[in-house]
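Quick notes on the structure that follows.
The values are calculated or read from the model by the stated rules, or taken from the named source; none is laboratory data. As the structure is a prediction and not an experimental result, all values here were calculated from the model. Quick reminder, even Gly has a Cβ in these numbers, built from the backbone with ideal geometry, and neighbours come from all protein chains shown. Note: areas computed on protein heavy atoms with side chains; ligands, DNA, RNA excluded. Shrake-Rupley method; radii C 1.70, N 1.55, O 1.52, S 1.80 Å.
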Amino acid sequence: LRTCGVTVTYDTFEALHKTSLTFEKGQVTALIGPSGCGKSTFLRCLNLMNREIPKCKVAGQIDYHGRDINTRSENLFDLRKSIGMVFQQPTPFRKSIRDNILFAPKRHGLVKGKDECDALVEEALRSGALWDEVKDKLDQSAHALSGGQQQRLCIARAILKDAPIYVFDDSFSALDFLTEANLRRSLNEKIQGKTQIVITQRITSAMNADHIFVMDRGRLVDHGVHAELLSRCKIYQEIYASQTGGDAK
């Protein structure tokens, strides 16, 4: 997956300027930058969500498996099925915790019988680092969960798609650092070998990525690994210092 010269404009405002990024298969790539820098605008390009926003125009190439998907003829159902996305705001269904997990698998005939359903629910919730907290509450409403628990439920639900690419748009912001670390370990086991794109403002969510892109004011300003960016990128240094209290130098 790569983009070449992607520009996004809302009416006359240019929110993203000629952005060219490459996401290597099987790697974890992070996009980090200040609030409003264009990270979420960029990610909405990847599954063509921006085209649903009035007066939004997306120019440039978005190459996925060797073809430009930034066309009106692209099959949106197939595209969005192959790129799993979890957004910052959790969106659990108004159903029980159990039914949140089973809704899509049942609809597509992927599970049959109580034993299969029970096994899938446990597997998914363990992947979301949530099983131990909710295993005795599976028939309660998902809306009774805390914000962080709802977010982990949505992550657990998303990774059931078994997509080749997963995009996490500030999906860990509602979690404390320990819970995030436990979730990352679970995800790395569950979706090992998948391409992961992590959009974040939190340095701890980016620093262990295979590659990091730094954005500011709708532009790519630098890229590399944590140690490289910490040694030379002013914006990355400022984010690091403000969140850790440490001196990047």
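Numbers below:
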quantity: Enumeration of residues in the range 181-194 that are in contact with a Ser or Thr (Cβ under 9 Å, 6 or more places away or on another chain) and open to solvent by 10 Å² or more (accessible area, probe 1.4 Å); calculated: A181, R184, S186, E189, K190
quantity: Candidates T3, T41 - the one that is β-branched (V, I, T) and outside any strand (DSSP E or B); calculated: T41
quantity: Qualifying residue in the range 122-131 (condition: of a type outside the set (G, A, S), open to solvent by 70 Å² or more (accessible area, probe 1.4 Å) and either more than 14 Å from the chain's Cα centre (by Cα) or more than 19 Å from K106 (Cβ to Cβ) (or both)); calculated: yes
quantity: Subset of the range 132-153 that is in contact with a Ser or Thr (Cβ under 7 Å, 6 or more places away or on another chain) and crowded, with 21+ Cβ neighbours inside 10 Å - its residue that is modelled with the lowest pLDDT; calculated: Q151
quantity: N70 farther than 17 Å from I165 by Cβ and either in contact with a strand residue (DSSP E or B) (Cβ under 6 Å, 6 or more places away or on another chain) or surrounded by 14 or more Cβ atoms within 10 Å (Cβ to Cβ) (or both); calculated: no
quantity: Residue match in the range 224-233 (condition: part of a helix (DSSP H, G or I), among the charged types (D, E, K, R) and modelled with pLDDT of 95 or more); calculated: yes
quantity: The range 169-180, residues that are small (G, A, S) and surrounded by 21 or more Cβ atoms within 10 Å (Cβ to Cβ); calculated: S171
quantity: Candidates F93, F103, F77 - the one that is more than 26 Å from E180 (Cα to Cα) and surrounded by fewer than 19 Cβ atoms within 10 Å (Cβ to Cβ); calculated: F77
quantity: All positions within the range 6-35 that are touching an Asp or Glu at 6+ places or on another chain (Cβ under 8 Å), farther than 19 Å from N70 by Cβ and not in a loop (DSSP other than H, G, I, E, B); calculated: V28, T29
quantity: Among residues of the range 49-96, those that are outside any loop (DSSP other than H, G, I, E, B), among the aliphatic types (A, V, I, L, M) and farther than 25 Å from S205 by Cβ, counted; calculated: 4
quantity: So T179, is it closer than 30 Å to F13 by Cα, of a type in the set (S, T, Y) and at pLDDT below 95; calculated: no
